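*Asks:* My questions all concern the structure below.
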Amino acid sequence: MLPPFLGPLNPLGYPAPYWFILFFKVFGFTLHITLMNLWFAGLITMLLLRWRGGPHAQRLSDRVINAMPFVIAYGINLGIVPLLFTQVAYYQVFYPATILAAWPWFAVVPLLMVAYYGIYLYVIGLRKGTMNTQKRAAGWVSAAIFMLLGLVFSNSFSLMTNVAGWGPLWNATSQTGAPYGIGLNLGDPTLAPRLLMMFGLALTTTAAYVVVDTAFFAGGESAEYKRWATRCALMVSTLGNAWVAVMGSWYFFAALPAEIRAAQLQVPMLVLTLLTAAGTGLPWLLMLLAQRGITRRLGLLTGLAQLGALGLHAISRQTVQNLELARYLPIGAEPVNIQWSPLVLFLVLFVGGIGLLVWMVVQVVKAVRHPVTP
């Protein structure tokens with residue numbers, strides 16, 4: 001018997017083939033977390049460097065945070081893609097979970113707006129040389145909010161798969177059948193290690209971004225700064241990899257249900273599991289090579305390797321999610337009724353948006369390589 005809280009089946013079926021929905025969910029999530037990681041762990045890391053570091057640390061902090069308005073704007077837009085396809089494919093569990101946690105979920109928008117404007121205030125202080133206590137405080141508040149948003153999203157999406165915990169949570173947070181919307185998935189053993197593992201991944205992404213920035217966009221910086229930034233990136237990546245190893249082990253060996261862990265350790269899933277575990281090691285090795293001297297090739301390879309590592313984590317997370325939900329839902333078994341108009345429109349806008357992003361980055365690289373002299 002299916003749990004009573006599941007949403008009803010959509011009589012229209014999927015509006016696109018399941019493989020299409022799954023591909024863009026995972027691909028969109030990979031692109032989203034690549035930028036999201038820079039808010040989640042990168043922002044607080046850079047603020048700490050500016051607070052306690054020397055001249056090079058402060059310069060690195062200013063360079064990374066100066067790019068944050070662009071990074072946040074594109075990260076938010078790219079986050080729409082996985083959210084859209086999550087709602088399409090997993091609507092039976094997505095909506096009940098976000099109803100139970102309605103107020104934290106609703107708070108995402110106002111919190112994000114406050115954090116976004118806080119970053120703008122901080123960056124204005126940097127660019128105009130008007131940094132003061134209020135603008136510094138805005139940066140720290142934004143960093144705290146972005147970390148809080150990480151908790152909100154982890155709570156909602158872990159609750160989405162914790163179907164067995166909905167009943168007790170509903171009983172504890174409802175009155176005469178009406179939920180208060182304050183449900184927190186704190187009883188789920190996967191919540192804390194998964195959130196902390198994502199923070200470690202965000203640290204490795206921050207380190208990779210520093211290498212890419214140093215290789216491509218730091219043309220006006222001194223050779224001494226570039227050497228220092230590359231060393232700093234290696235240290236942050238080392239910390240991030242150690243963090244991922246510890247929290248990932250906690251998540252995989254202690255928090256995951258035994259049957260899901262067993263499935264992940266069987267061939268061919270074992271190959272994906274091992275590649276995911278080792279994924280952030282390749283960017284670390286490339287950063288180690290970069291200690292001899294940073295080049296554009298090493299910067300590009302480091303960025304692509306980090307993107308690949310995050311992609312592996314996204315694929316592994318999706319396989320675990322499907323295994324968790326397969327006990328309750330007919331994953332991928334609904335009839336397909338292709339909706340061509342929105343499908344074509346989505347593809348056009350998605351390709352156009354990614355193309356625009358690439359074009360903007362290329363223009364910045366060209367501007368750094370061939371600066372215009374007055």
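Computed from the coordinates by the stated procedures, all read-outs in this text should not be read as laboratory data. Computed from a prediction, not measured in an experiment: that's the story for all the values here. We place every Cβ from the backbone using ideal geometry, glycine too, and count neighbours over all the protein chains shown.
*Asks:* Can you give me the angle between helix 55-66 and the longest principal axis of the chain, using Cα atoms only, in degrees from 0 to 90, rounded to the nearest 10?
*Replies:* The answer is roughly 50 degrees.
*Asks:* By the gyration tensor of its Cα atoms, with a ≥ b ≥ c the square roots of the eigenvalues, what is the shape of region 138-205: rounded for a/c under 1.5, prolate for a/b over b/c, or oblate?
*Replies:* Details: a/c = 3.98, a/b = 1.73, b/c = 2.29.
Cα axes put region 138-205 in the oblate bin.
*Asks:* Once amide H atoms are built 1.01 Å from N in the peptide plane, which residues 5 or more positions from Ser174, or in another chain, come under 5 Å H to H?
*Replies:* It is Tyr180, by chain and number.
*Asks:* Place the peptides 128-137, 161-170 in order of packing, highest mean first, counting for every residue the other Cβ atoms within 10 Å and averaging per peptide. The partial results should precede the final answer.
*Replies:* On the way: 128-137: 11.5, 161-170: 17.8.
Final packing ranking: 161-170, 128-137.
*Asks:* Another question about this same structure. What is the Cα convex hull volume of region 18-338 when expressed per residue in Å³?
*Replies:* On the way: hull volume 46.9 nm³, N = 321.
It comes to 146 Å³ per residue, whole-number rounded.
*Asks:* Sorted from fewest to most neighbouring beta carbons within 10 Å, what does the list Lys366, Lys25, Lys226 look like? Please report the intermediate quantities before stating the final value.
*Replies:* Details: Lys366 10, Lys25 23, Lys226 18.
With the fewest neighbours first, Lys366, Lys25, Lys226 line up as Lys366, Lys226, Lys25.
*Asks:* Going by a ≥ b ≥ c, the root eigenvalues of the Cα gyration tensor, does region 267-374 fall in the rounded group (a/c under 1.5), the prolate group (a/b larger than b/c) or the oblate group?
*Replies:* Numbers: a/c = 5.05, a/b = 1.37, b/c = 3.68.
The shape class here is oblate.
*Asks:* Helix-only estimate, please: 222 nm mean residue ellipticity of the chain, summing -39500 (n - 2.57) across DSSP H runs of length 4 or more and dividing by its residues, to the nearest 500. Let's see the in-between values first.
*Replies:* Numbers: 16 runs with 275 residues, N = 374.
Helix contribution divided over all residues of the chain: -24500 deg cm²/dmol.
*Asks:* Given H placed 1.01 Å from N in the peptide plane, which residues other than close sequence neighbours of Tyr14 have an amide H under 5 Å from its amide H?
*Replies:* Amide H neighbours of Tyr14, under 5 Å, 5+ apart: Val336, Asn337.
*Asks:* Return the FRET efficiency for the residue pair Leu274, Asn66: r is the Cβ-Cβ distance, R0 is 51 Å, and the value is rounded to the nearest 0.05.
*Replies:* On the way: r = 38 Å, r/R0 = 0.75.
Result of the calculation: an efficiency of 0.85.
*Asks:* Which order do the peptides 173-182, 193-202 take when ranked by the mean count of other beta-carbon atoms within 10 Å per residue, highest first? Intermediate values should be presented prior to the final figure.
*Replies:* Details: 173-182: 11.6, 193-202: 21.8.
Highest mean packing first, the order is 193-202, 173-182.
*Asks:* Which order do Arg52, Arg59 fall in if you start with the one that has the fewest other Cβ atoms within 10 Å? Mind dumping the intermediate values first?
*Replies:* Working: Arg52 9, Arg59 19.
So the ranking, lowest neighbour count to highest, is Arg52, Arg59.
*Asks:* Give me the net charge of Gln318's neighbourhood, meaning all other residues with Cβ under 14 Å from the Cβ of Gln318; Lys, Arg count +1, Asp, Glu -1. If you can, show how the numbers build up before the last one.
*Replies:* Numbers: positive: Lys25, Arg194, Arg317; negative: Glu324.
For residues surrounding Gln318, the net value is +2.
*Asks:* So what is the relative contact order for the chain, in percent, with contacts set as C-alpha pairs under 8 Å and at least six apart? Write out the running numbers ahead of the final one.
*Replies:* Details: 440 pairs, mean separation 82.3, N = 374.
Contact order relative to length: 22 percent.
*Asks:* From the phi angles alone, apply the Karplus equation (6.51, -1.76, 1.60; θ = phi - 60°) to region 343-351 and give each ³J(HN,Hα) in whole Hz, x where the residue is Gly or Pro.
*Replies:* Using θ = phi - 60°, the values come out as 5, 5, 4, 4, 4, 4, 5, 5, 4 Hz.
*Asks:* Give the residue from Val26, Trp170, Tyr95 lying farthest towards the positive end of the charge dipole for region 18-338; charges sit on Cβ (+1 for Lys and Arg, -1 for Asp and Glu) and the dipole is referred to the Cα centre.
*Replies:* After comparing all options, I get Val26.
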